[in-house]
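Below is one structure, written out as structure tokens; comments come after it.
The values are calculated or read from the model by the stated rules, or taken from the named source; none is laboratory data. All values derive from a computational prediction rather than experimental measurement. All Cβ positions, even for glycine, are placed from backbone atoms using ideal geometry, and neighbour counts span all protein chains on display. Ligands, DNA and RNA are stripped out before the accessible areas are found, and what is left, the full protein with its side chains, is counted by its heavy atoms. Shrake-Rupley method; radii C 1.70, N 1.55, O 1.52, S 1.80 Å.
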Amino acid sequence: MIVSRVGLVLGGGGITGAAYEMAALIGVELATGWDPTHADVVVGTSAGSFVGAVVRSGRLSVESMVRQQESAQDVANRIRAYMFQRASIGGVTRWLRHGLVPGLTKPGVRLILGTPGRFTPMGIAEWLDTQIGAESRGWPEDPTLITSYQLESQRRVVFGSLEAPSVTIRDAVAASSAVPMVFDPHVIEGKHYVDGGVVSGTHADLVLGSDEPLDLVLIIAPLASDIPRKGAPFYETMFDRVGRVALEEEIKLIREAWPDTDIITLKPNSTVMEAMRPNPLAPEAAVPTFIATLSSMRTKLAAADNWRILKAHLANQSPVKRS
């Protein structure tokens, strides 16, 4: 049996983005029998870095989001306790010093961005500890790339590559998830790192570092929707447009380099958008987003073009059951 080589790209998108990606991957596995743990390369940005770490640990399941006997509010409270741990005074100063201050000051934007530097990304690292245990203190054996942005050099840094410092997966996830003006930068070897989404929400071009062309690139992009949500504030549409443009350029590079590679991009539909927006950092939206995504995947994956590709590359295992 010939097994396809698969690249998995997990984009940024906050708490609801992580919920979307977990549900989407569970949907793909239920539909095809393919275990995402076995992807030949995983690229994770921000929320996608967290999900990528869970995937690589082999622990992705429904309980990655909702544990037994938990209500939706229980889940929200648990996520909030990890995500929003107060940072030390000085977060604003760090952002000002490095010149990374958004020019957006509308009340709607502040709802997402919050007060500058209020929280520490180490809470996200602690959340990862509870998800994957001792593996958070190491690095996956299979190719795993976690994106971040270094403030001092003002450039993209890809943890898991030869050019980046050697770190634990928990430190890489903390760095990649340090959303500007919400979390303090994450310090590694005296350098300040922030959300990889500063450069791109997906960084899909990184799959081109594979030793040989991949057969399939599966991209999950929570913040690149091309479906406008009714009543959406201006910044929501803006973020989606920026994410979409960056992703389109990255896909173009992949197609030019690997013309025979199939690409599938999963984005939220209108129903999922209603659950996950307008604030992707809202813990209360995690479970509704997860449920809506699971429901949406049946139609999304069954679409003729998608299923033809999924069947060709992934549907060569027996279907699995998720608890």
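A few remarks follow.
- The residue that is nearest to Asn279 (Cα to Cα), counting only those in region 224-248 that are surrounded by 17 or more Cβ atoms within 10 Å (Cβ to Cβ) and charged (D, E, K, R), is Glu236.
- Unmet requirement for Pro143, which otherwise passes all of (1) open to solvent by less than 50 Å² (accessible area, probe 1.4 Å); (2) under 17 Å from the mean Cα position of the chain (by Cα): (1)
- Residues of region 253-299 that turn out to be in contact (Cβ under 8 Å) with a residue 60 or more places away in the chain, open to solvent by 30 Å² or more (accessible area, probe 1.4 Å) and touching a helix residue (DSSP H, G or I) at 6+ places or on another chain (Cβ under 7 Å), as a count: 5
- Candidates in region 169-199 are the residues that are part of a loop (DSSP other than H, G, I, E, B) and in contact with a Gly (Cβ under 6 Å, 6 or more places away or on another chain); of these, the one that is nearest to Leu10 (Cα to Cα) is Val182.
- Applying the criterion of being part of a loop (DSSP other than H, G, I, E, B) and of a type in the set (Gly, Ala, Ser) to the residues of region 61-73, the residue that is least open to solvent (accessible area, probe 1.4 Å) is Ser61.
- Scan of region 146-168 for residues that are part of a loop (DSSP other than H, G, I, E, B), at pLDDT below 95 and open to solvent by less than 30 Å² (accessible area, probe 1.4 Å), ordered by number: Leu151
- Within region 182-211, the set of residues being in contact (Cβ under 8 Å) with a residue 12 or more places away in the chain and of a type in the set (Val, Ile, Thr) comprises Val182, Ile188, Val194, Val198, Val199, Thr202, Val207.
- Qualifying residues in region 200-214 (those that are in contact with a Lys or Arg (Cβ under 8 Å, 6 or more places away or on another chain) and farther than 16 Å from Gly13 by Cβ) - the one surrounded by the fewest Cβ atoms within 10 Å (Cβ to Cβ): Glu212
- Here Ser225 passes the criteria (1) touching a Pro at 6+ places or on another chain (Cβ under 6 Å); (2) without any contact (Cβ under 8 Å) to a residue 40 or more places away in the chain except the one numbered (2).
- Only helices (runs of 4 or more DSSP H) whose full extent lies in region 247-323 are considered here, and the ones with at least 2 residues that are in contact with a Leu (Cβ under 8 Å, 6 or more places away or on another chain) and modelled with pLDDT of 95 or more are 286-302, 304-313.
- The single condition from (1) farther than 30 Å from Val3 by Cα; (2) crowded, with 24+ Cβ neighbours inside 10 Å that Ile220 fails is (1).
Residue-wise test of (1) in contact with a Cys (Cβ under 8 Å, 6 or more places away or on another chain); (2) modelled with pLDDT of 95 or more; (3) outside any helix (DSSP H, G or I).
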{"residue": "Gly44", "(1), (2), (3)": "no, yes, yes"}
{"residue": "Val55", "(1), (2), (3)": "no, yes, no"}
{"residue": "Arg59", "(1), (2), (3)": "no, yes, yes"}
{"residue": "Val75", "(1), (2), (3)": "no, yes, no"}
{"residue": "Arg78", "(1), (2), (3)": "no, yes, no"}
{"residue": "Ser88", "(1), (2), (3)": "no, no, yes"}
{"residue": "Val92", "(1), (2), (3)": "no, no, no"}
{"residue": "Trp95", "(1), (2), (3)": "no, no, no"}
